[in-house]
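All remarks here apply to the structure that follows.
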Amino acid sequence: MVDLELDDGLAVVTIDRPQARNAIAPATMDQLDEALDAAKGARALVIRGAGDKAFVSGGDLKQLAAIRTLDGAAEMAWRMRGICDRLAEFPAPVIAALNGHAFGGGAEVAVAADIRVAADDIRIGFNQVALGIMPAWGGAERLAALVGRSRALLLAGSGTVLDAAEAERVGLIDRVLPRESFEEGWRALARSLANVPAGRIKHVLSGVTPDEAVDAFAHLWISEEHWAAADRALKKK
């Protein structure tokens with residue numbers, strides 16, 4: 001259900017349930033946790049869905065329909081919210097590669113990433129209201145942080161579904177790529193971020209003191225990688 005590819009510092013997590021449009025089932029949650037454990041130390045992480053129809057279509061209603069109690073619903077919400085928190089708190093940059101539509105819980109997984117890149121023919125929406133529920137995995141709060149409280153309420157409260165261009169315009173998606181070059185595009189973007197400084201920048205952007213920001217820079221300055229790069233730059237002059 002969940003595949004992990006590790007390649008020279010880049011970890012790619014693929015939710016591979018095409019028969020269920022890459023929906024999240026309880027076993028998927030377990031395997032996502034295992035994949036994130038195995039990705040520890042990666043310099044960049046990508047989360048994506050298999051195929052070109054769906055990124056993540058939300059929760060797997062066929063399996064989650066068995067949950068009918070207040071405690072059971074809360075337990076399920078906490079379980080997947082914890083996984084989205086792990087994505088958001090991953091030390092290196094996290095990219096959601098929206099290969100297909102992201103609805104409901106799928107949109108919540110997408111906004112747990114630092115950066116969202118999408119194929120130009122996808123749609124995205126926090127449309128849980130169509131089922132009489134609301135975002136449960138931290139997505140409402142993260143949506144508000146991205147687009148503002150008023151717009152987040154408008155989008156999630158009405159269940160509005162946006163196309164890729166509209167989502168980019170409001171700040172929900174960061175980059176839209178042509179479908180025909182999407183695979184190469186997200187990989188190139190991920191590789192450009194698979195470096196130690198990008199991870200330090202993410203840490204600083206999360207909110208640190210000036211002392212911590214300067215300390216992060218100073219450690220990079222004295223690193224062998226910095227001086228090797230500096231030497232190469234000097235030799236070109």
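The values are calculated or read from the model by the stated rules, or taken from the named source; none is laboratory data. Just so it is clear, the model here is predicted, and its values are computed rather than measured. For neighbour counting, all protein chains shown are included, and Cβ atoms are generated from backbone atoms with ideal geometry for every residue, glycine included. Side chains included, ligands, DNA and RNA excluded: accessible areas come from the protein's heavy atoms. Shrake-Rupley method; radii C 1.70, N 1.55, O 1.52, S 1.80 Å.
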*Across the stretch 193-213, what is the total count of residues that are aliphatic (A, V, I, L, M) and not in a helix (DSSP H, G or I)?*
2
_Quick check on the stretch 132-148: of everything there that is out of contact with any helix residue (DSSP H, G or I) (no Cβ under 7 Å at 6 or more places or on another chain) and not in a helix (DSSP H, G or I), which residue is least open to solvent (accessible area, probe 1.4 Å)?_
Gly148
*Would you call Val46 more than 26 Å from Arg200 (Cβ to Cβ) and either in contact with a strand residue (DSSP E or B) (Cβ under 6 Å, 6 or more places away or on another chain) or of a type outside the set (Val, Ile, Thr) (or both)?*
no
*touching a Pro at 6+ places or on another chain (Cβ under 7 Å), more than 22 Å from Asp163 (Cβ to Cβ) and at pLDDT 95 or above - does that describe any residue in the stretch 75-94?*
no
*asked:* Considering only the stretch 111-122, I want to know if a residue exists there that is part of a helix (DSSP H, G or I) and in contact with a strand residue (DSSP E or B) (Cβ under 9 Å, 6 or more places away or on another chain).
replied: yes
_Condition (residue is open to solvent by 50 Å² or more (accessible area, probe 1.4 Å), among the small types (Gly, Ala, Ser) and within 22 Å of the chain's Cα centre (by Cα)) applied to the stretch 58-74: is it met by at least one residue?_
no
*Can you name the number of the only condition in (1) farther than 16 Å from Leu4 by Cβ; (2) hydrophobic (A, V, I, L, M, F, W, C); (3) open to solvent by 20 Å² or more (accessible area, probe 1.4 Å) that Ala107 fails?*
(3)
*Name every residue in the stretch 164-176 that is open to solvent by 50 Å² or more (accessible area, probe 1.4 Å) and in a strand (DSSP E or B), in order of residue number.*
Arg175
*asked:* Please verify whether Leu87 is of a type in the set (A, V, I, L, M), within 21 Å of Arg116 (Cα to Cα), outside any helix (DSSP H, G or I) and open to solvent by less than 40 Å² (accessible area, probe 1.4 Å), treating the condition exactly as stated.
replied: no
*Tell me which of these Asp52 doesn't satisfy, since it passes every other one: (1) assigned to a strand (DSSP E or B); (2) of a type outside the set (Phe, Trp, Tyr); (3) under 16 Å from Trp186 (Cα atoms).*
(1)
*Tell me which residues, restricted to the stretch 205-232, are of a type in the set (A, V, I, L, M, F, W, C) and open to solvent by 50 Å² or more (accessible area, probe 1.4 Å).*
Leu205, Val214, Phe217, Trp221, Ile222, Trp227
*Has the stretch 26-34 got any residue that is surrounded by fewer than 19 Cβ atoms within 10 Å (Cβ to Cβ), of a type in the set (Asp, Glu), part of a helix (DSSP H, G or I) and touching a residue at least 12 places away in the same chain (Cβ under 8 Å)?*
yes
*If you check Arg179, Arg200, Arg151, which single one turns out to be surrounded by 11 or more Cβ atoms within 10 Å (Cβ to Cβ), touching a residue at least 40 places away in the same chain (Cβ under 8 Å) and of a type in the set (Lys, Arg)?*
Arg179
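Let's see how each residue does on (1) in a helix (DSSP H, G or I); (2) touching a helix residue (DSSP H, G or I) at 6+ places or on another chain (Cβ under 9 Å):
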{"residue": "Gly157", "(1), (2)": "yes, yes"}
{"residue": "Leu162", "(1), (2)": "no, yes"}
{"residue": "Ser181", "(1), (2)": "yes, no"}
{"residue": "Asp215", "(1), (2)": "yes, no"}
*Which of (1) closer than 23 Å to Phe90 by Cα; (2) in a helix (DSSP H, G or I); (3) β-branched (Val, Ile, Thr) does Val129 not meet, given it meets every other one?*
(1)
